[in-house]
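The values are calculated or read from the model by the stated rules, or taken from the named source; none is laboratory data. This structure is a prediction, so every number in the text was calculated from the model and none was measured. Every residue, glycine among them, receives a Cβ derived from its backbone with ideal geometry; neighbour counts consider all protein chains shown.
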Amino acid sequence: SLTWVDYGIAETGSLMLASDSEDIRMATMLAKIHVAMLPIAKIRLNTEQIEAELDEILKNNSPSYTAFITGPSRTADIERVLAIGVHGPVELHLLLIKEMKS
């Protein structure tokens, strides 16, 4: 899948994606490979710097899918056997988009 993401968080290497689209949610959860596009201007140092944006999402009365994505999906069972891609993509790629000057 190919999606835009709203913010990048440098401190954790996480991406924030907020959407009310079921198609976007399925694209980020069901695809084997997720390619995320992020404008460089939307990179923030930490989550505190997107607090106001998150507050607006929470105040909105419509359903929303907001996800923090930090790498491909991974989980481990009780024996500590790592499984990648169980709850989402096996691969996550990030395209940083430089703003074009006109």
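In table form, for the structure just shown:
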{"item": "Subset tally (residues that are buried (at least 16 other Cβ atoms within 10 Å of the Cβ) and among the aliphatic types (A, V, I, L, M)) for the range 1-12", "result": "2"}
{"item": "Members of the range 28-60 that are of a type in the set (A, V, I, L, M), in contact with a strand residue (DSSP E or B) (Cβ under 6 Å, 6 or more places away or on another chain) and under 20 Å from residue 93 (Cβ atoms)", "result": "33, 35, 36, 37, 38, 40, 43"}
{"item": "Those residues of the range 3-12 which are assigned to a strand (DSSP E or B) and under 15 Å from residue 53 (Cα atoms), in sequence order", "result": "7, 8, 9"}
{"item": "In the range 13-68, the residues that are surrounded by 12 or more Cβ atoms within 10 Å (Cβ to Cβ), touching a Lys or Arg at 6+ places or on another chain (Cβ under 9 Å) and either on the phi > 0 side of the Ramachandran plot or assigned to a helix (DSSP H, G or I) (or both)", "result": "50"}
{"item": "Every pair of residues 6+ apart whose Cβ atoms lie under 9 Å, when the first sits in the range 74-102 and is at pLDDT below 75 while the second is hydrophobic (A, V, I, L, M, F, W, C) and assigned to a loop (DSSP other than H, G, I, E, B)", "result": "74/86; 75/86; 84/90; 88/31"}
{"item": "Any hit, the range 69-77, residues being β-branched (Val, Ile, Thr), assigned to a strand (DSSP E or B) and over 27 Å from residue 98 (Cβ atoms)", "result": "yes"}
